[in-house]
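Q: Structure incoming, see below.
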Amino acid sequence: MKIRSTKASKIETQMAPMIDVVFQLLIFFMLTLKIVEPEGDFSINMPIGKPTENTEDIPLQPLRVSMKSNANGDMVDLLFGGTSLGTGAEAFARLNNEILKATGSAGEAAKDQEVEIEADYNLRYEYGIASIGACTGRMQDGKLVRYIEKIKFSKVKKPADQP
Amino acid sequence: MKIRTTKPNVPEVDMTPMIDIVFQLIAFFMVITNFEQTQADERVKLPKNELAKPPEVKREHMLTLNVGFNRDDNGRKLHEEPRVLFNGNEILIDDMRKSLLTERRFFEAIEVPLDDVTVQIRADAEVKMGQVQELIQLCQDPEIQFVRFALAATQEVK
């Protein structure tokens, strides 16, 4: 018996609806795209009015960092324990070194050591963050080497000219 | 004379490369799109710091307070006193007590201890330190009593 060989008929897929949907998706993702810079934060230890956990232990004296500002909010002096470290980015680098010296070896955060930051009322927040960063530690090969875990602010002193 | 009608010869366009590229573009946009509902406000220009890292363990309960200024097209501040940009409202720091009390009651209602709530302050780089501290003090008011605080900054890549 002779078998007639027939070629399988090719089914043509409709590409147009798929392309429509795909383009709609593309436009949706393009329009909803919001470029956000990566963000992080610094924990602040503000235990106001709470008693210390171990009353038998003599609490460590906090390291004191002071920042003086002019009326425009620019930092005019950075002090560590009463010693002036100057101004600008170098001052924060010096502060970082001083904190390292005060806490001992790097890599192991001084768990109980506290830093108290006293900032002038008018000082801009960016300087506050820079000082917190300098006290927190430093970056080494993309990893954070932490010096201090506990950072707090001293009580705010409102200048007389502020409403 | 007999005119022979011929059907126009439609050239077939190869769609495959275009679809490949379009799918690649979709995959790219899907990956970089951030679907997470952040409470960040675009008006706040955070200060930059190399050490500002996202927390290793994601915080379960967080209250974000954006503190910033309204600015004109040239980036100039429209007012000197910063506003707390909160729930679609612009509130002066001194007037935040009522909103913070409401938040406190909300966390109490859902039985979350205030010790587990982190107040994240996203303050503009130009806000005064004293004003940030006043906001923290207000959060620590005996009637409100938030305990944990975090100060946000943009991660600076060096």
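The values are calculated or read from the model by the stated rules, or taken from the named source; none is laboratory data. Computed from a predicted model, the values in this text were never measured in an experiment. Reconstructed Cβ throughout: ideal geometry from the backbone, glycine too, with neighbour counts over all protein chains shown.
Q: Which of the residues belonging to the range B:80-101 are within 14 Å of another protein chain (Cβ to nearest Cβ) and not in a strand (DSSP E or B)?
A: Of everything in the range B:80-101, those that are within 14 Å of another protein chain (Cβ to nearest Cβ) and not in a strand (DSSP E or B) turn out to be B:Glu80, B:Glu81, B:Pro82, B:Ile93, B:Asp94, B:Asp95.
Q: State whether the residues of the range B:26-37 include one that is in contact (Cβ under 8 Å) with a residue 12 or more places away in the chain, within 24 Å of B:Val117 (Cα to Cα) and polar (S, T, N, Q).
A: Checked against the condition, which is being in contact (Cβ under 8 Å) with a residue 12 or more places away in the chain, within 24 Å of B:Val117 (Cα to Cα) and polar (S, T, N, Q), the range B:26-37 yields no hits at all.
Q: Sticking with this one: Please work out which residue is surrounded by the fewest Cβ atoms within 10 Å (Cβ to Cβ), limiting yourself to the range B:102-158 and to residues that are more than 8 Å from every other protein chain (Cβ to nearest Cβ), farther than 21 Å from B:Glu56 by Cα and among the acidic types (Asp, Glu).
A: By that ranking, first place goes to B:Glu111.
Q: Please go through the range B:15-42 and give me each residue that is surrounded by 13 or more Cβ atoms within 10 Å (Cβ to Cβ), under 30 Å from A:Ala89 (Cα atoms) and out of contact with any Asp or Glu (no Cβ under 8 Å at 6 or more places or on another chain), ordered by number.
A: Within the range B:15-42, B:Asp41 is the sole residue that qualifies.
Q: So which residues in the range B:27-58 are more than 9 Å from chain A (Cβ to nearest Cβ), farther than 21 Å from B:Lys128 by Cβ and modelled with pLDDT of 85 or more?
A: B:Ala27, B:Val31
Q: For the list (1) of a type in the set (Ser, Thr, Tyr); (2) over 30 Å from A:Arg146 (Cβ atoms); (3) within 19 Å of the chain's Cα centre (by Cα), I need the number of the one condition that B:Thr102 fails.
A: (3)
Q: Might you check whether a residue that is at the interface with another protein chain (Cβ under 10 Å from one of its Cβ atoms), outside any helix (DSSP H, G or I), free of Cβ contacts under 8 Å to residues at least 60 places away in the same chain and under 18 Å from the mean Cα position of the chain (by Cα) occurs anywhere in the range A:94-117?
A: Within the range A:94-117, one or more residues are at the interface with another protein chain (Cβ under 10 Å from one of its Cβ atoms), outside any helix (DSSP H, G or I), free of Cβ contacts under 8 Å to residues at least 60 places away in the same chain and under 18 Å from the mean Cα position of the chain (by Cα).
Q: Determine which member of the set B:Gly75, B:Gly130 is of a type in the set (Gly, Ala, Ser) and more than 23 Å from A:Ala134 (Cα to Cα).
A: Answer to the check: B:Gly75.
Q: I'm trying to understand the selection: among the residues of the range B:14-26, which are within 10 Å of chain A (Cβ to nearest Cβ) and closer than 12 Å to A:Met15 by Cβ?
A: B:Met15, B:Thr16, B:Met18, B:Ile19, B:Val22
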